[in-house]
Each structure stands twice: as structure tokens, then as C-alpha cells.
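Asks: Structure in C-alpha cells, see below.
Read-outs: derived from the displayed coordinates by stated rules, not from any lab. Since this is a predicted model, take the numbers as computed values, not measurements. As a convention, Cβ positions derive from the backbone with ideal geometry for all residues, glycine included, and neighbour counts pool all protein chains shown.
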Amino acid sequence: MDFQNRNNTANKFVCPSDRQLALRAKLKAGWSSSKTSEPLRPEEQEAIISVIRRNEEIEVAERQRVGRLVERVEKIKQHAVERGPNCCRLCGDTFGILRPQRILCEDCRQSVCAKCSVDINIRYHTSERSREIWLCRICSETREMWKKSGAWFFKGLPKYDMPRSASATPIPNPGPGSMAGDTRAVQSCHATPTRPARVKKLTIRVNDSSSSSSGHSEPEDEVDTGVGVGVGVVGGGIAKGIASTRLQREDSFRLRAYGSIRSFIDGGERKLSNSFFFSRQQSQRPSECPEYDSVSMSKLRRESSFLRRGSVSSSWSISDSSGSGSNNSGNSQTQSQYQQHQQQLQQHCRDPLLGWLEIAISYREAFHSLDCTMVRARDLPAMDAAGLADPYCKLNIITPEAHTKYTRWQRTKTVHKTRNPEFNETLQFVGVEPEELGNSLIYVALFDDDKYGHDFLGAAKVCLSTVHSTSQYRISVPLGVEDQYSNAAEMAQNWPNGKMLLSLCYNTKRRALVVNVKQCINLMAMDNNGSSDPFVKIQLKPDAHKNKKHKTSVKWRTLNPIYNEEFYFEASPHDLNKEMLILTVWDKDLGKSNDFLGSLQLGAQSKGERLQQWLDCIRLPDHFHEKWHCLAPDNPAH
Amino acid sequence: MASGGDPKWQKDAADQNFDYMFKLLIIGNSSVGKTSFLFRYADDSFTSAFVSTVGIDFKVKTVFRHDKRVKLQIWDTAGQERYRTITTAYYRGAMGFILMYDVTNEDSFNSVQDWVTQIKTYSWDNAQVILVGNKCDMEDQRVISFERGRQLADQLGVEFFETSAKENVNVKAVFERLVDIICDKMSESLDADPTLVGGGQKGQRLTDQPQGTPNANCNC
């Protein structure tokens, strides 16, 4: 190899010394960073991609399994009566002498009757003794879920997809003809639109130039190019179906989030919060695309009646067809074919759609430059409680060796408060040789812009093999899930203020939020010695219980302090929906005022991962939910 | 259909009837027998022909352990360095590692420490590790004694087995032990601390540094 020859002649690259090895270990780039490796051959790429695909199927099934586990616990919780200390938490039976015996649950310390509790035998493997404890059904199910989902290992629930229950099944416009109560067809239909996403996720071939029509390229283009297995003509109804499935998913996410909050509110308040929730949903509606309005409304109606009655009713289909049936009455023939075909494919179509991205690519040979215009994205995942996001794109070129070509990722501007951003921004890659086009990919990752960390929204790869210097290529691609490149893109972000590992837990016994400040890393150096003396201040705002502010100890002369300190904030779960946890990191200075190092805010108004942690913490009390967060440079107190 | 029409694999992979899902990873130098080890366990087959693994592969097997069905997704990684970027991407999700060396190959034994560093760097911090010396049937070519292997395992604070994928020695035992360790870890993290669940910090841990460590300078 050329590289090695150079080594010999220049004699500059010798065996790494201890110091070099130590530095390399700090880089955490692995051993491979020191060597140039042979590029992966096409057949190797093929083999790896097929493994990744197989794994994806398992992962999707796994996400759904975890979703079912979560749903199960949530259902039990919703059925809990919670009448008071003298009644069983679950079934509401009053305790007494001739009445059911009162049992105290080990985890939540609430009274339950024997019927509604489980006694489990805990074996201590180390000491060979066992102990019997009683758990209420909610807590025992939660423990089971914690084990079965792997959350015990990852210290927090892994990603999951909530199962779409029968009533929440989107029924994406089966035309009036196919409405004859064939639930199987309906279900398969709800799963199918994601098929193109699956096929296209890994390598997207821009081989159908006719699909890259100018202007708005409609979703059916993607269906055609993407499936490529003979689905045939797919009408606008299906496209609409994709959109509505997507919408549906988001709605159910929101419902899930609010539902979990609601389940903590006493039965009496439940109705109230319901109306609060729905008014909120509607107020947020105008920000969505107008064309989806009728669909989303019918969805809402469906969802809302589902929530109230908790059972399936035939009225969904009627409201659905009235909502969007007019568009697709002509397509019922095609659709039933489509459904039939899709029934066969059903089991492979479980990927969630993360939205679509429209890109235009052109190559200018004279300048060796590749111009990538991020036109727009649609139906991105919602990131905050209002169901909106602040998306931006990061781009890089991936070489045939599966490396990123540029160390610096290109980035578009952020488009705020939308799930359908219009980027219209052109990013230029220079130094792209014409022969590179044949086997390189352009990689686009979308992130949600937030002060405290950029959450992943979706990613897409586009083959450059069909990009020519003569014309511009325009294509809409479905966005896929995270992979090594999106992680790399995320890593490349600069967080000068460092990160914090925070563990949250709602303790039902003490009715308090437990905040465990685990550690910080890469803090800023503020003192002359190139180090800092960091400590963390924690407060809950606005505080209904008048908790005092807390402070961790000071860790002297370090930029990576480990605290592992726990603080309790008294609060009811209901309160927590209005509270905001504010953490600020300071550099302790003696004799002068402390220097500010960074801040973090968590609450129901947070976005993305932070919101997820907050909601998980409320929804699954008595478990620690641990996550890394980025620290922002501004002080929230000012 | 994404997979290449392997009915057995599909049966196991599509099977949703299980309680826990554990992801395990087999790592070690090239040609120590990781793939053979996995094939022996999952398919009970062995071939002495050497085919280098391309990047990554996995097999799925559901086992019974303490009257629970445990679905194992066992990742077989390429030992060759050129695939390192791909293989390390999968460290993060793994609950258990089988770190393998070849008792007839001194180099593979000397690399164990490097592999441990890799685990520390890329895996979740409570991932469990078992050290395995493979090819113990080849007594005449052995260069690493059982004692040396055991000492290293003690030093690393992990369990140790000598195995042979060819003669089917200890293959099942390794997986069973790893599943047991993870199960123990699981009940420890939840049941042993009934007050506040989820923060299990005890037990054998390889890392002193937590994972998820971001790297602002990472240019990969």
C-alpha cells in the first residue's frame, strides 16, 4: 500500500509510543483510525446490508413488543380506581374485618387487596436466602416490563412503538367499496404504506428519472420508485393514506404522552383534563398543513371517543370515510388490489415512517462541485408537547469505504416550529471527482434544534450514481432510522459547555421527584490551571411545595466531575406537568463570584429526549430514568 | 423478503413468544473460531474450512432458563480490523460479550486486553463479559495454558471457559452461563433493591467510565 511505502521511506511513522497510544485511546476512534483500510467491495457491502436488514426486522418487532408491554401497564393503570387509603388501589374494595385483607405494596406503598396483588419470591443468588414481598399488580407489571423490555439494562426504556389498537388503526381510506368490515384488509393496509421506506432505506436508487418531476413531487412517486415490486399504479388515496398513517402515529404519540399524564390524575379530575387536552389539540391544529385538517379532525374524533369509551365502535369507519372518502372513491379498485398485494407483504412493513425529504442534486464538472439543495421535508416526528419540531439537516458524502468524506458536516439553517419545513437551501461540496459519483452516497440526517441537545429526526441516503452534470436530480426520499453515520453527525456537533448525565425518578412513597446528578463531562475550563471546580445547583420552578434549592458538593480541579448525588423535590405527579427542573453548573471560586459553566432545563415544555425522559419518569414512577444531556451556554436565571 | 430464505432462522427470528431478549456479541481476533462457535451453538454444525466473516452477522436462538424463555440475538463479528468501524457500532446494544482467544495462538491471547478496552470504550457500562479460550481440542499445538487464561480472567474480573467448537466442549455452557449472569444482574438491579428500582450499581463492571461519552472532536 502506498501509505506503508511512505512510512518506510520517510521513517516518520514508527511503532506508536505509549503516549501516542494513550492519546489514541482518548480519541476513542478505535484502532482503525491509525490505518487506512481497504474499501469494502460491493459484495461485502451487499452482505452487510442484508444483515442490517435482517436486524432491522427484529428491531422493529422488538420496538413493537416493548410498546405492547408499555401499553399493558398503562391499561392496568387506567383501570385503577384510586379511591383513597381505605380502599384497594386497583379494584376499590373497602378494607375491614370481614372485608378483604389490606396488603401494602412493596414498591408504591399503597394499599391493595389480596386479589389485586402478587407475592413474589426474591431469591438472593449470592446469599442463598429468599424473601417474599407483596406487590400490587401495577408495580409487579411495571417490574416485569422493566425486565422484559431491557430497560433494566439500558437504565431507561428503549425506543418503542405504541401498538395501534383496533380502534386506533388508521384505516387509511379504504374506499367505500372495500368497507365491508374486512378488518384484516384494513390492518394490512395500515401497515403497508411503509413498505417503500423499508426497501429504500438502505440504498436509494434514483433510477426513475420520470419520478423526479419538477415542483412538488407527490408521495406516489416514491411509492412507485421505492416498491419496484409491482404494486402497480397507486392512487392519490394511498398517498394520502401514508400521510394520514403518519399523522395518526403522531397523534397517538401525543395521546400517549397526555394519556400517561392523565392517568395520574384522580378519577374526578379525569374528565376535566380530557377537555383540556382536546382543546389543546385543536388550538395547535392550524399550524399543520391545511390539507390534513379534515383527516386529523376525524382522527381526533375517533381517538377521543376511543378514549372515553375505551372500546371499538363501528362509527370510526363512517367518520373516516366522510372525512376523506371523497378523494378516493375512484380508486377503490386499485386499492383493493393494493391491499391484497400488501397483505402478503404485511409482516415486513412495520417500519415507522419518519417523514419525507425532498432533495435536488446537481453536479458541476468544471468546478468539481456537488450542489445539494434541501428543498423541504414533510411529516417529521413531533418533538415537543405541542407536536412541533425545529428541524435542520446535516449533510456529508459517504465514500465507498463507508467513511464520511468530509470531517466537517454541512448544515442547513433551522426552520422553527414546524414538522413540514421548507429549507430551500443549497449546500455545496467541493472537490468531488466525477468518478466518485458512481459509488458514493450523499447522507442527510435531520435533527431537532434545541438548546440542550439535538435530537435525531430521520436520515436518508441517496446514491450519486445517476447524478450527471447536465441536469438537476430531484427526488423525495423517505427518512429512516438512526445508524452509524447519524451518530457520527451528532458527535460532530460542538457542545462547548459539556454534557451532564442525569437520572430522574418519581418516588411514589415519598411523593417526591428524585434527581440524581450523576456526572458531567467536558466542562469548560475557567481557572488559570486549565481546570474548573464545578458544582451543580438544582431547583424546581415554579415550585408548588416550596422546596429549597439544592447544591451538589464541589469537585475540585476537574472538567469531568462525578457526583452521584441524590436530591428530593416534593411534588405530586400532577404538579410535575407544570414544573421545570433547572440545573446550572458553576465553577466555585473563592474570593470572587462563581463562574457560570452551563445549564440544563427539563420539564413538560422540553423537547425530544428531555421530554421523553420527563414523561417516562412520570409515567413509570419508582424507576430511575437515566440520560445524557447537553449543557447550554445561557443562564436561565438571567 | 430481506433474508436469504433460511427457514430455520426465520422461525426463530419471527418468534415473538419469549420473555426476555438478550443481545450478545462474540469478539476476538481473526480466526479464533467465533463463527464456528456460534454455528456450533445455534445450528450444531461444524466445518473446519475458514471463511472470514464479512463485517457482522447474527443468529437468533430462543432458550429456556429459569422457566423463562430468553431470545438470544447473538452477533458474530469480524475479527479483521478493516471492519472495526462496523462491528463497534453494535457494541452499544449488547448486554453480554464473549471475548474469545485461540489457545494455539499467542497473539490472540495478547490482544485480549485490547478487546477489553474496546468493550470499555464502546459498550454500555454494565455489560457482562466472559473470557473464552477456544480450540482446546488441539492440545498438541496449545501455547496458552488453562492456568494463564484463568489468571487473566481473574485479573479482568470475568468468568473463564475453555471450549472447543469442533468437539462441542463447553459451547452450550458458555452461553448458559452468560445468560445466567445477565439474568442475575437483572434480578439484582430490580429485586435486590426494592426501594428504588433501576439503579443497580453492584456486581462486576468492566468500565470505570460511563458510556454515552460524547466526543466533540470526533470526526469519524
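Asks: Inside 10 Å of the C-beta atoms of B:50-57, what's the mean count of C-beta atoms belonging to other chains?
Replies: Going residue by residue through B:50-57 and averaging, the value is 4.
Asks: FRET efficiency for A:Lys592 and A:Lys546, Cβ-Cβ distance as r, R0 = 41 Å, nearest 0.05?
Replies: 0.85
Asks: Taking 0.36 nm per residue of separation and subtracting the Cα-Cα distance, what length does fully extending A:Glu46 through A:Asp119 add?
Replies: Extending this stretch completely gives an extra 21.1 nm.
Asks: Let me ask something additional. As an exercise, use a Förster radius of 45 Å and the Cβ-Cβ distance of B:Thr117 and A:Arg510 to find the FRET efficiency, rounded to the nearest 0.05.
Replies: 0.65
Asks: Starting from the Cα coordinates of region A:551-604, work out the convex hull volume and express it per residue in Å³.
Replies: So the per-residue hull volume is 108 Å³.
Asks: Could you pull out the pairs from A:Lys147/B:Lys135; A:Lys537/A:Lys627; A:Lys549/A:Lys588; A:Lys461/B:Lys34; A:Lys417/A:Lys509 whose alpha carbons sit more than 27 Å apart here?
Replies: Result: A:Lys147/B:Lys135; A:Lys461/B:Lys34; A:Lys417/A:Lys509 exceed 27 Å.
Asks: Cα gyration tensor of region B:16-188, axes a ≥ b ≥ c as square roots of the eigenvalues: rounded (a/c below 1.5), prolate (a/b > b/c) or oblate?
Replies: Since a/c stays below 1.5, the shape of region B:16-188 is classed as rounded.
Asks: Give me a single rounded figure for B:16-26: the average over its residues of other chain Cβ atoms within 10 Å of their Cβ.
Replies: Taking all residues of B:16-26 together, the mean is 3.
Asks: Return the distance in nm (one decimal) between the two label points of a simple spin-label model at A:Thr558 and B:Asp44, each offset 7 Å from Cα along Cα→Cβ.
Replies: According to this spin-label approximation, the distance is 5.3 nm.
Asks: Something else: What's the ranking of A:64-70, A:46-52, B:159-165 by average number of surrounding C-beta atoms within 10 Å, highest first?
Replies: On the way: A:64-70: 20.1, A:46-52: 17.4, B:159-165: 22.1.
Listed from highest to lowest mean packing, they are B:159-165, A:64-70, A:46-52.
Asks: Using only alpha-carbon positions, what ratio does the radius of gyration of region A:355-492 give when scaled by 2.2 N^0.38 Å? The partial results should precede the final answer.
Replies: Working: Rg = 14.5 Å, N = 138, 2.2 N^0.38 = 14.3 Å.
Normalised by 2.2 N^0.38 Å, the Cα Rg of region A:355-492 equals 1.01.
Asks: While we're here: Working only with C-alpha atoms, what are the Rg and Dmax values of region A:499-630, expressed in angstrom?
Replies: 14.8, 46
Asks: Could I ask something else about it? What residues qualify as long-range amide H neighbours of A:Tyr563, i.e. H under 5 Å apart, gap of 5 or more or another chain, H built at 1.01 Å from N?
Replies: Here A:Gln519, A:Cys520 satisfy the definition.
Asks: Within a 10 angstrom radius of each residue's Cβ in A:60-73, how many Cβ atoms of other chains show up on average? Whole number is fine.
Replies: The per-residue average across the peptide is 1.
Asks: A follow-up question, please. Any idea what the dipole of region B:92-150 comes to, in debye rounded to 20, about its Cα centre with Lys/Arg Cβ at +1 and Asp/Glu Cβ at -1?
Replies: Result for region B:92-150 is approximately 300 debye, rounded to the nearest 20.
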